[in-house]
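Visitor: This is the structure, below, for whatever I ask next.
Derivation of every value follows stated rules applied to the coordinates shown; laboratory data play no part. Predicted model, so just to flag it, every value in this text is computed and none were measured. Every residue, glycine as well, gets a Cβ built from its backbone with ideal geometry; the counts of neighbours run over all protein chains shown.
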Amino acid sequence: MRNILQITAGVAVAGAVAAGSTALTGTGLGVSGLASSAQVVGGSITQNVSGAVLSDIVYGFADSPAKTQVNTVTLTFTAGNGRTVALTATGTGFGGGSPAADMFYCPATISGLTMVCTATDAGTHVGTGGYYTGLTAMTVTVS
């Protein structure tokens, strides 16, 4: 069974919540309603989730307090332990890191209904100091 949750963002509607969607603000990010709290100011992002029900999403930033460089994405699900997750980001792109970040790496499977995905190098899958900027869309695929 596929559950699809679409979270649509808008700069001026940070607190609005509608069935199946939550308004967000951010540099491409921030969350209110469905996720824990507003995280950034300005910009917008669309988040699509397929294959599971996402109950919370929290972005971590390499450049606090500016919050323009996303380096981690913490996902919390209502079910799905043992399933795999892939994140596909759309926006300006990856930056930083040594070796350079070029993907969001998620652990092998969901455990404890939570997963932390990190901007990293595809070859090493270790924290490299990398990040993603100008995020406009994030697709979370659970299989």
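Visitor: What nm value, rounded to one decimal, do you get for the distance between Val116 and Thr74 when each label is placed 7 Å out toward the C-beta?
Guide: 0.7
Visitor: Could the peptides 62-68, 99-105 be put in order, highest first, of the mean number of other beta-carbon atoms found within 10 Å of their residues?
Guide: The densest-packed peptide leads the list: 99-105, 62-68.
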